[in-house]
Every structure is written in structure tokens, then in C-alpha cells.
Amino acid sequence: MDLNDTPEQAAYRAEVRAWLEQNAVHAPATRGRGDEQEAVAAHRAWQRRLAEAGYVGVTWPAEHGGQGKGPLHQVVVNQEIARAGVPGILDAIGVGMLGPTLIAHGSDEQKQRYLAPMLHGDEVWCQLFSEPAAGSDLAGIQTRARQEPDGSWRLSGQKVWTTNAQFAAYGLLLARTDPDAHKHKGLTMFVVPMDAEGVTIRPLRQISGEPEFNEVFFDDVKLAPDAAVGPVNGGWGVALTTLMFERLTIGAGSEGMGYRADRFAAAIASDPVAAKDPEVRARFGALATELLALRFTGYRLLTAISRGQIPGPEAGMGKITAVNGAIAAGDLIADVLGPEALDPDSEWSYLISFLPGLKSAGGTEEILRNTVGERVLGLPPEPRLDKGVPFSELRAKERQEVAS
Ligand SMILES: Cc1cc2nc3c(=O)[nH]c(=O)nc-3n(C[C@H](O)[C@H](O)[C@H](O)COP(=O)(O)OP(=O)(O)OC[C@H]3O[C@@H](n4cnc5c(N)ncnc54)[C@H](O)[C@@H]3O)c2cc1C
């Protein structure tokens, strides 16, 4: 891949940069501690402003309000947002993962109804996939949806770790609709209004002090007959689309996550003694090398996308490297700045306390390493006890295996 901008990309970059220079004054402070409602309102207004300028949903088709451009244009926007030091959009989960899932699998009515308000941040979305006993093993979900004779659905169960549910208008939810089918087969994806009767949202407070995610309970929630996205009992394929876009959002977005070596270097250089310390310099050199290598892994990912290929396990390795590099940088900055790095008003305290959670979000490190082991290194696959067994018989089969 040619790492320089083409003349067309350079012109686009100049346009984005000029727009950000003019509009950065309207950007909210990077999300952290403080009044959540105010912060969300400011962030929502920022997303709207970016959307009106055409910098949200850059890769979405024009008929759905996007710009119909390629992923490299999205990367240019991410890079320029990072360069300007302003936050990205409020609803990265909706626009980056759930909107593309609706575009790929939703009905014309669903696309017409939901996509434009999502793009502008007027209706924020959340991803209702993980459950207390189904995270890495997502196909093990137990939330049940039963169809009534009139075609409507009744939904009962629990989701957990649901980011943004506290202010989301809608959620995309994976439910079990046929427990007698194999566990990947009897699943269906639904659109759920978060203000429906029977939905209860409880915040979960993270180590950073912020309740950014939630547990969500569904107690006999009624859903309209047209709430299913994609085929009934074909929800696993729909979920795979979301997970592919999740990897892309994290992989192509890592530039925009702000985990750049120069940002960390500036903090270390602010302490002249630490900046000359050989041990600090060696630790910084190691992590800066990792982050630079990550940028080139990202370019390989983009090369695959721009050739119309589906990115492989390098997306997962990119996520592991980005998170571990940023954790190492946070540790180094905490060592250099001392307790002041953890002061609630410090630029670093939120980053340092938020990062450990990212080791789990979007696929845990162990799961991503398993994928690399199996698909890249050709190591023997994990034992899979659940192959070909109806979901309703799985527990009995697991008990038998344990007993023998
Ligand atoms: C900040 C954050 C935001 C999130 N937001 C959302 C959201 O909006 N919506 C949503 O649906 N989910 C969300 N999640 C949940 C996330 O998808 C899950 O945390 C993730 O899938 C892991 O599942 P789990 O937490 O149940 O861990 P588990 O799957 O129970 O794993 C626990 C540990 O066991 C290890 N492990 C599990 N299976 C294996 C195996 N086969 N081999 C080796 N090791 C294994 C894991 O690596 C991990 O270390 C979020 C999580 C975080 C941290």
C-alpha cells in the first residue's frame, strides 16, 4: 500500500482539517468525570454538527444519509479528529456497528425509520448482546423471545455491560427464539425501544467512577411483529455482521482513540528529570515502537478492506496491541507524574482507569489470541463440546462430560 495520500485524499484531508480548525471551539471536553446529562447533550450536539458537515457515516451509502466514500476516507476523518484533539461522535457503537448491521440486514422500513436519527445523534443506540453467562461464548445467550399468534413477540431475560443504555433510544438485541435448535441456529435479532414497558436499566459503576455501562432487564416486553432484523432464527449471521464492524471500528478507529506515542511523549517530556532517565526512555521507546507497528498493521487492514476483502485476525491483534500499548503508557505516566496522574481532574486519570476494561470489550485478549492460534498459526482447535447439540440439551451434555 502507498502510505502517502492520493491527491484526492490529500484534498479531502485539507477540507476536514480546515473544518475542524473552524469548528473545534464547539467540541465538548473529552468525556470523563462530571455531570453526565450535560456531557451527553454537548456530545450529541457535536455529533449533529459533524453529521451536518458530512463527517459521520462517511462509508454509509448516500441513500441512507452517508457519504458513500471508502474506508480510507473514514480513516482520514479519524486521524484529523485525533490530530485536532477533539472527541469523536457520541454514538460510535450505533454509527460504527449497529447502523451498518441494519443497512446489511434490515427491512426498507427499518432503514427508513432508524438510520437518519442515528447518524445525527438524535436517537442513540446500544448493543444488547452480552449476558451474565454469555460474553466470549455469545451464542450461549438465554434471553428468550416467544412469538404470539398475532405475530408480536414477548421478550424476557437479562443483558449486561450495555454501554450507553442509560440514554439510548433503541437497542439491537440478540434473543433465543428456538431453544431446540443448535445454539447458533435458534437466535433472532430485534430492535427494542429502550422506553418500552418492562425494560429496566440499572447502571454499573466502573473503576473510573463513571457508570458508562448497565445491566438491562426485560420482563415480558412486547415487541411489534416487524421488530425482527433479518430472518427469524437467522440472528447469528446478523450478529456476525455487527461483530465484524466492531472489529473494524476498533481497528480502523484506533488512530482516533488518541493512543498515540506523541501524546504520551509530551506528558513525559513535561518532567525534565524523567525525560532524561534511561529507564523511562527505554520503557517509552518500547511502547512507542509497538504503537508505531500497530499503525502499520492498521494499514494492512485497510489495504485488505480497500481491495474488498474481509479483514482477518490482524484486526484482533491490532486491538490487543493498542490496548496493551496504552496501558503500558498509562503505567509509565503514573510512575512519572506520581499520584497527581490519578487526580480526578488530571487528563490521565480517566484513561488509566478506563483502559483495563478495554481488555475485555470487543473480544477478550485470550479469545483473540485463540483466533490467531487457530487461524494464523494452525494450532489445534479448542475442544467444542456444544457442536451439533440442541441448546436445550447442552447443560445435560456438559454435566455428562464433567462426570466422565
Ligand atoms: C468497557 C466495556 C464495554 C462493553 N460494552 C458492551 C456493550 O455495549 N454491549 C454488549 O453486548 N457487551 C458489551 N461489553 C461486554 C463484552 O463484549 C464482554 O465483556 C466480552 O465479550 C467478554 O465477555 P465476559 O465479560 O462475559 O467474559 P467471559 O467470556 O466470561 O470471560 C472471562 C475470562 O475468561 C476468558 N475466557 C473465556 N473463554 C475462554 C476460552 N475459550 N479460552 C481462553 N480464555 C477464555 C476470557 O478471556 C476472560 O479473561 C462491554 C465490555 C466492556 C469491558
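The values are calculated or read from the model by the stated rules, or taken from the named source; none is laboratory data. Values in this document were obtained by computation on a predicted structure and should not be read as measured data. Positions of Cβ are backbone-derived with ideal geometry, glycine not excepted, and every protein chain shown enters the neighbour counts.
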Scan segment 1-36 for residues that are surrounded by 14 or more Cβ atoms within 10 Å (Cβ to Cβ), of a type in the set (A, V, I, L, M, F, W, C) and at pLDDT 95 or above and jot them down.
-> V16, W19, L20
Criterion (more than 16 Å from the ligand (Cβ to nearest atom) and either within 24 Å of the chain's Cα centre (by Cα) or not aliphatic (A, V, I, L, M) (or both)) met by exactly one of E279, E212 = E279
Run L155 past the list (1) within 12 Å of the ligand (Cβ to nearest atom); (2) surrounded by 15 or more Cβ atoms within 10 Å (Cβ to Cβ); (3) among the hydrophobic types (A, V, I, L, M, F, W, C) and report the number of the one that doesn't hold.
-> (1)
Looking at L368, is it surrounded by fewer than 17 Cβ atoms within 10 Å (Cβ to Cβ), within 16 Å of the ligand (Cβ to nearest atom) and outside the structural domain of R205 (by TED's automatic domain parsing)?
-> no
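Listed here are the residues, each with its yes/no results for (1) under 20 Å from A261 (Cβ atoms); (2) polar (S, T, N, Q); (3) not assigned by TED's automatic domain parsing to the domain that holds A293.
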| residue | (1), (2), (3) |
| --- | --- |
| Q309 | no, yes, no |
| A315 | no, no, no |
| G325 | yes, no, no |
| E340 | no, no, no |
| D343 | no, no, no |
| L351 | yes, no, no |
| P356 | no, no, no |
Please verify whether segment 343-359 includes one or more residues that are within 15 Å of the ligand (Cβ to nearest atom), in a loop (DSSP other than H, G, I, E, B) and either modelled with pLDDT of 85 or more or under 19 Å from E212 (Cβ atoms) (or both).
-> yes
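For every residue, the table says whether it meets (1) closer than 22 Å to T143 by Cβ; (2) modelled with pLDDT under 95; (3) in contact with a helix residue (DSSP H, G or I) (Cβ under 7 Å, 6 or more places away or on another chain).
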residue	(1), (2), (3)
H184	yes, yes, yes
L223	yes, no, no
V232	yes, no, no
I250	no, yes, yes
Across segment 130-142, the tally of residues that are surrounded by 15 or more Cβ atoms within 10 Å (Cβ to Cβ), in a loop (DSSP other than H, G, I, E, B) and within 11 Å of the ligand (Cβ to nearest atom) stands at 3
Mind checking whether some residue in segment 111-125 is within 13 Å of the ligand (Cβ to nearest atom) and either acidic (D, E) or within 19 Å of the chain's Cα centre (by Cα) (or both)?
-> yes
In segment 88-110, anything in a loop (DSSP other than H, G, I, E, B) and buried (at least 19 other Cβ atoms within 10 Å of the Cβ) is listed as G88, I89, L90, D91, G106
